[in-house]
Structure formats: structure tokens, C-alpha cells
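The values are calculated or read from the model by the stated rules, or taken from the named source; none is laboratory data. Because the structure is predicted, anything quoted here is derived from the model rather than measured. Here the Cβ positions follow ideal geometry from the backbone for every residue, glycine too, while neighbour counts run over all protein chains shown.
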Amino acid sequence: MSSNNDTMGKTLLVTILLCVICSVVVSGAAVILKPKQVANKEVDRKSNILAAAGITDANKSVDELFEQITTRYVELDSGKFVEPPAGYDEGKAAKDAELGESLPRKADIAGIKYQAKIMPVYLVEGADGQVERVILPVHGKGLWSTLYGFLALEGDLNTVVGLGFYSHAETPGLGGEVDNPDWKALWPGKKVYGEDTTDPKIGLIKGSVDASTSNAEYKVDGLSGATLTANGVTNLVQFWMGENGYAPFLNNLRAGEA
């Protein structure tokens, strides 16, 4: 008589072998694909920086366009350019005991809890070395998620060039309207600061902005049906443009002391 192959031991052996083989295949694929994933992530980062800065050219690659941009690092407290540690990642640094800090609740209007002490900034410089545009990473809490994006300013360090978010999980059709090109088109030309360049005035309002109203240059249309996301956008922009964010750096840059 032939032996019975349907024993519990043989079934478990086959199951274990299949698990091992699948694990090896998945692990191998992850290792092989990781360099490509890293490269794609870098291209996506550059694309979003370029989009915020309004730099486009269908005849050039992302890398070619990004040659116009200089990446520098800024110590937020002093507002000075610094050299970061090798392999620096501001996301990881935020929760590092030496490279980041926890934010007091009163100051943390963006709801991020932790902040890196050093942040990257991206500069577009003219042939004479003058800064023509500055692109700044920003992030903060919306309704359901943390929104990550870039805010670009003109060389006057006050006029908005553009704002775009590259990562969030807000509700499609509501808070997700931060991705709507029509809404993003409302930002260029808006002003961040009044006379006090440490206290940002820009923010979203309920409804639409009437251009004839007082201080319209600091106001952006709200997001219909998404008040909490709109508040989150206002808070994150005001936080990062304020004294706990990039304001010291921007003031140093104005004075030629960054």
C-alpha cells in the first residue's frame, strides 16, 4: 500500500517551506527595488519643490530643472545657515534628543509635537547671487492627518509664489481640496507679513475673499465643508512663518546676515 501523504506533519512541513520561500522572495524583491524606490522618492521631492516655486519646463527633466535650486540648511533658533550631520533627516531628527525638541502646547499651533532644530531650505538665486525665491518645507495637523508641503516666497521674502502639499490623508472633496489647482492658484501674490516680520498675518477665511476688503492680501478662500482642515492649513503656515519657524532666518536673509 502507498503511504499516506495527508499527515499533519507533512502538511505543516509544506506550509513552513512555502512561508520560507515566500519570505525570501519578498525580502529579495524589497532589497532589489529599494534603490529605485529611494530614487523615485527623491524625484518626487524635487518635483514638489519645483511646483511650489512655479518652475516648469516640459523640455527639461526634473533633475535639470532642479539645477536652478540650491539646498541649504538652517538652524531655526539662530536663523543661520549651518552644516547638518552626515545623513541628516529632519523627520527623524525631530524626535532625537539632541537634534530635535518637543514643543510646548501653547506654541505648537501646528500640532506637530516635535520639531527638528535644523531644517532644509531651497534657494533660487540669480546670476548676481541675489535670492530670487525661497522654498520652505512646512507641515502640520489637518483633520485626519498631518499635511506635508512646501511654501515658496518671492525674493522680497513676503510675497507667496505657491503652496502645495505632497502628502496628506484629508477627506476627498472636502479637506482634500488642498490639492485642487483652482484653490492652489489663490495663493500666488498673497502676503505673509505686515509690518511685523515675525508675526504672520496670512490665513484662510470662511467663504471667499472679497478683493476690496481690508487686508485682502493676507486672506485666502476657505475650504467649503472642511473647517478643521482649513484651520490646520492656517495654523501650520503661521507656525512655520513665525518666530518658532523660519521668521528668524528670513529676517537674517533680509539683512544679509543668514
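Results, tabulated for the structure shown:
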| read-out | value |
| --- | --- |
| Candidates GLY203, GLY189, filtered to the one that is in contact with a strand residue (DSSP E or B) (Cβ under 9 Å, 6 or more places away or on another chain), surrounded by fewer than 20 Cβ atoms within 10 Å (Cβ to Cβ) and either over 28 Å from LYS113 (Cβ atoms) or charged (D, E, K, R) (or both) | GLY189 |
| Filtered residue count, the stretch 141-172, keeping only those that are among the charged types (D, E, K, R) and either within 18 Å of LYS201 (Cβ to Cβ) or modelled with pLDDT under 95 (or both) | 2 |
| Residue ranges of strands (runs of 3 or more DSSP E) in the stretch 107-151 with at least 3 members in contact with a helix residue (DSSP H, G or I) (Cβ under 6 Å, 6 or more places away or on another chain) and under 18 Å from THR234 (Cβ atoms) | 131-141 |
| Considering residues of the stretch 152-183 that are among the charged types (D, E, K, R) and either assigned to a loop (DSSP other than H, G, I, E, B) or in contact with a Phe, Trp or Tyr (Cβ under 9 Å, 6 or more places away or on another chain) (or both) only, the residue nearest to SER47 (Cα to Cα) | ASP179 |
| Identity of the residue in the stretch 127-149, touching a residue at least 12 places away in the same chain (Cβ under 8 Å), closer than 18 Å to GLU67 by Cα and not charged (D, E, K, R), that ends up surrounded by the fewest Cβ atoms within 10 Å (Cβ to Cβ) | GLN130 |
| Any hit, the stretch 42-49, residues being among the aliphatic types (A, V, I, L, M), part of a helix (DSSP H, G or I), modelled with pLDDT under 95 and on the phi < 0 side of the Ramachandran plot | yes |
| Every residue from the stretch 226-242 that is closer than 13 Å to ALA110 by Cβ, surrounded by fewer than 22 Cβ atoms within 10 Å (Cβ to Cβ) and of a type in the set (Val, Ile, Thr) | THR234 |
